[in-house]
Amino acid sequence: MLTVRRRPPARQPRNAQTMPDHQTPALSSSPNEPHASARQAKPGVVASLLKRLPTLLVLAVMGGGWMVMHHINSGGSSGGEAVDIAEDAGPNDTLALPEGKLNAAKFKSVAVQEQAIQHMHTVPGRLRYDQTKHVDVKAPMDGILAELVVTPGDHVAAGDLIAVLRSPEIGQARAEILKRQKERDIAQQVLQREMTLSENLNQVCEMLDQRKPVDEIETAFSNRALGSYRQEILSAYSNMQLADELIAKVRPLVDAGAVAGRAVLEREGERQLAETAFRTARDQATFAANQAMMKAEASVAQADRQLNLAWQSLETLLGYKEDRDVVNLTSEDSLSRLEVRAPFAGSVESQGFAKNERVMRGDSLVVLANTDSLTVEASIRESDWSVVALQTDAEVSVMVPALNDRIFFAKVRYFGREVQADTNSVPLVARIENEESLLRPGMFVRVTVPIGEARQVLAIKPESLLQHENQQFVFVDVGGGVFKRVDVSTGQASDDWVEITKGLSPGQLVVTSGAFLLKSEFLLQGEGE
């Protein structure tokens, strides 16, 4: 409530000079002269107050609104409590929050600590096919494309049939196999006969050593093969036995004197000659049998080699190995049939020919690719050549912008040996797994590679770092709901930590969760001041 005090009329100084008659107002000669002056001044004061009343009302409303808003922001605290907080706020680099805001914001802090930080550098790159799993399946020879089993987009397993060609060259290769098989069969039969002759000859020699009669030997081997050895050995053996019989007959006659002793000597000489002839025939037969068997074995081995070479020639033309035990080489259709099969599991990317078209040797029938794993190619420039020191299978991160900046990991396969003259860089090739089939060859990626050695430095979390007017700073939790702004200088950074080179010391609690909210409150506080 406003109280208006009346101002008494100004007194005329005693020594005031007398105004001229034309400037001197007329004065009342009534004894109640002061009261008359007051009555004249009162209407002027009331008019002035009435003119200022709207302004006073607006000021009163603004003051009441400020009191209400201050009460709400203070969480219902009393006016005295707000005054205490304002007094405790201290210097301009600190910020004090009431309990209500502290509970609502749920601030989190992490102590400043030493961490191993390695400088990371990001370079652009591209996804490419794994060249070991991306091939043109080509026609091994001239022919007609009789069948095309697959179409683009089909998935095939290793060894699945892709196409069938008709080629006379394949027929000739299979005919060569048939020829070599016959030659081997003949050589095998010869070897089997020589082995049988050698075995029978050994058994004959055992009976000869036992001095069995020729008739008994003939009977035992009448149905068994002996070849020419039968006549050579048995004839010599028969002559030796005949000489023994003649000697046995002559001896009684010599003893009786009917025949001269010289006859015995002659018969004994003939017997020695017969025995020598027998032993010679036996040794020659044994040696010849062994030689014949060795030659037969060599022929079989040579036939096997020729047959294997024929198979290898055919399989080289086919591009795959056939099951030699079940393949059919007798029908005319099977002779010229060439089956083209998948060298590995993958998908058909493209198709070059249609059914019944003529194809030439080296023509691409289909392109087969396996994208279960891809390669990442990037260029390492001269300033980052320390990356080349990375070992094989070292892990690098790959960010794919097309997949909402999703991060994948790849393993280094190799670095190029030659420096490209136009870019002064070397290529980096890494292997990346594509188990979810989200990656496609040709995609643009960003490859992050470590540079240099890791260092132990004082570090904070990246979310703690704030910036205002080109100055980086953090909020340090000093306790009791009070936070202090601290300007810092930073160094290297990784995904998890940022190096602090100036401004903080180990153990200080730096706000991580809610740091941006504190920045907003801090800036509002500065505007209020």
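Quick notes
- When residues of region 369-391 are limited to those that are in contact with a His (Cβ under 8 Å, 6 or more places away or on another chain) and not β-branched (V, I, T), the one farthest from K138 (Cα to Cα): D384
- Here S347 clears all of (1) buried (at least 18 other Cβ atoms within 10 Å of the Cβ); (2) farther than 28 Å from E194 by Cβ; (3) at pLDDT 80 or above except the condition numbered (1).
- Qualifying residue in region 433-448 (condition: crowded, with 18+ Cβ neighbours inside 10 Å, among the aliphatic types (A, V, I, L, M) and closer than 24 Å to V498 by Cα): yes
- Options E268, E297, E275; residue that is under 22 Å from M207 (Cβ atoms), part of a helix (DSSP H, G or I), in contact (Cβ under 8 Å) with a residue 12 or more places away in the chain and among the charged types (D, E, K, R): E275
- Selection within region 215-242 - buried (at least 18 other Cβ atoms within 10 Å of the Cβ), of a type in the set (A, V, I, L, M) and within 24 Å of R267 (Cβ to Cβ): I217, I233, L234, A236, M240
- Between A281, A274, A310, A296, the distinction of being within 21 Å of I233 (Cβ to Cβ), crowded, with 16+ Cβ neighbours inside 10 Å and within 60 Å of the chain's Cα centre (by Cα) belongs to A296 only.
- Note on region 473-516: residues that are of a type in the set (S, T, N, Q) and assigned to a loop (DSSP other than H, G, I, E, B) amount to 5.
- Any hit, region 434-442, residues being of a type outside the set (G, A, S) and assigned to a strand (DSSP E or B): no
Matching residues to (1) modelled with pLDDT under 80; (2) more than 60 Å from the chain's Cα centre (by Cα); (3) not polar (S, T, N, Q):
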residue	(1), (2), (3)
L197	no, yes, yes
L201	no, yes, yes
V204	no, yes, yes
L208	no, yes, yes
R211	no, yes, yes
N223	no, yes, no
Q231	yes, yes, no
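- Of all the residues in region 107-153, those that are of a type in the set (D, E) and within 30 Å of V449 (Cβ to Cβ) number 2.
The values are calculated or read from the model by the stated rules, or taken from the named source; none is laboratory data. Note that the structure is a prediction, hence the values are computed from the model and not measured. Because the Cβ atoms are built from the backbone with ideal geometry, glycine has one as well, and the counts that use them run over all protein chains shown.
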